[in-house]
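Asks: Starting off with a structure, shown below.
Bear in mind these aren't lab numbers, they're just calculated from the coordinates by the rules spelled out. Everything quoted here is computed from the prediction, not taken from an experiment. Here the Cβ positions follow ideal geometry from the backbone for every residue, glycine too, while neighbour counts run over all protein chains shown.
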Amino acid sequence: MASLLKKITAPNGGVFTGKGTNTYLIGKDEITVVDPGPNIPEHIENIINHGNGRIKQILVTHTHTDHSPAALPLSKELEIPMYGRLVDGKSDWEDETFKPHKILNHGDIIESQEYSIEVIHTPGHASNHLCFYLKKQKCLLTGDHIMDGSTVVIAPPDGNMRDYLNSLQLLKQYDIDCFAPGHGNFMDNPNKTIDSITRHRLAREAKVLRNIKNHGSQKIDDLLKHVYSDVNEVLFPIAKMSLLAHLEKLIEDRVVVFENEIYSLS
Ligand SMILES: [Zn+2]
């Protein structure tokens, strides 16, 4: 595996990105780059050096600014195509420079002599999020659908909690031994990871509901304090996005109603 899949981490570490965005180079003679990352010249140079004239194409898991902005300069420099999807609406971290030469669809297969990549559409973190499945190696490049070491942010309107949970379950249909995430290290035990993320999300959703039941109708900032009391306040702006995603799901489920800035049980 290590010989087929090379991981290079961009120097953009931070609250959202951990140690930085992982760029993957798949293959030896015909290389596919996945998520070239932010437009940082030294990182792009690093990718080109590792590719050593053998990079054929660029894939992008989604178009947040830590994943795709290097695609355009890399594509121009090496005269190679870039592939991915566009978001349905608007999102806060959108990279507007990414214009795919071809839109990838769920089920598309990208073949080379050395490997075969299946495209899996996994909306949730972003409406255009894709995972890339290396069939023979049973390894899934997860982008920001699943990260190592932290919970993925689901930020409406482009992020959607229901889609996210469905996209997690979808992965169980594939025979996967290893996750290669967009942030952090390689992960094994894929199904256990999927179950634990799902449990964590549903527990938070149940906590939201319980809180409205016990403390009555509330504004989002009061719910935030109650429901995320276990989280450091520095992270509240991020937690608020995921709380909003939970509330939107509960409204869709017709369990909660939203009126005059107040969330109540329906
Ligand atoms: Zn990311």
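Asks: Would you work out which of Trp93, Ser127, Pro157 lies farthest towards the positive end of the dipole of the range 5-188? Charges go on Cβ: Lys and Arg +1, Asp and Glu -1.
Replies: Ranked along the dipole, the leading option is Ser127.
Asks: While we're here: Any chance you could list the semi-axes, whole Å, largest first, of the equivalent ellipsoid that the Cα gyration tensor gives for the range 197-265, using √(5λ)? Display every interim value, and only then the final one.
Replies: Details: eigenvalues 61, 39, 24 Å².
Result for the range 197-265: semi-axes of 17, 14, 11 Å.
Asks: Helix-only estimate, please: 222 nm mean residue ellipticity of the chain, summing -39500 (n - 2.57) across DSSP H runs of length 4 or more and dividing by its residues, to the nearest 500. Don't jump to the answer; show the numbers that get you there.
Replies: Details: 6 runs with 80 residues, N = 266.
Mean residue ellipticity at 222 nm (helix-derived): -9500 deg cm²/dmol.
Asks: Something else about it: Per residue, what volume in Å³ does the Cα convex hull of the range 5-188 take up? Display every interim value, and only then the final one.
Replies: Details: hull volume 18.7 nm³, N = 184.
So the per-residue Cα hull volume is 102 Å³.
Asks: While we're here: How high is the relative contact order of the chain, in percent, with contacts defined as C-alpha pairs under 8 Å that are six or more residues apart?
Replies: Working: 523 pairs, mean separation 32.7, N = 266.
After rounding, I find 12 percent.
Asks: I would also like to ask the following. Among Ala239, Leu224, Ile197, flag the residue with its Cα farthest along the positive direction of the charge dipole of the range 197-265, charges on Cβ as +1 for Lys/Arg and -1 for Asp/Glu.
Replies: Farthest towards the positive pole: Ile197.
Asks: Please identify the helices of the chain, taking whole runs of DSSP H, that span at least 18 Å along their own axis as judged from the Cα atoms and have a mean Kyte-Doolittle score of 0.5 or higher. Before the final figure, lay out the partial values.
Replies: Numbers: long enough: 190-215 (37 Å, -1.10); 236-252 (23 Å, 0.71).
Span-like helices in the chain: 236-252.
Asks: For the range 95-227, calculate the relative contact order in percent as a whole number, restricting contacts to Cα pairs under 8 Å that are 6 or more residues apart.
Replies: Working: 188 pairs, mean separation 22.5, N = 133.
Answer for the range 95-227 is 17 percent.
Asks: Still on this structure: How about Lys6: which lysines have a C-alpha closer than 30 Å to its C-alpha, ignoring those fewer than 8 places off in the same chain?
Replies: Filter leaves Lys19, Lys28, Lys56, Lys76, Lys99, Lys102, Lys135, Lys136, Lys138, Lys172, Lys192.
Asks: Lysines within cross-link reach of Lys207: Cα-Cα under 21 Å, excluding same-chain residues under 8 positions apart?
Replies: Lys219, Lys225, Lys240, Lys249
Asks: What ranking do 27-39, 163-175 get when scored by the average of other Cβ atoms within 10 Å per residue, highest first? Mind dumping the intermediate values first?
Replies: Numbers: 27-39: 22.1, 163-175: 16.1.
In decreasing order of mean packing, 27-39, 163-175 become 27-39, 163-175.
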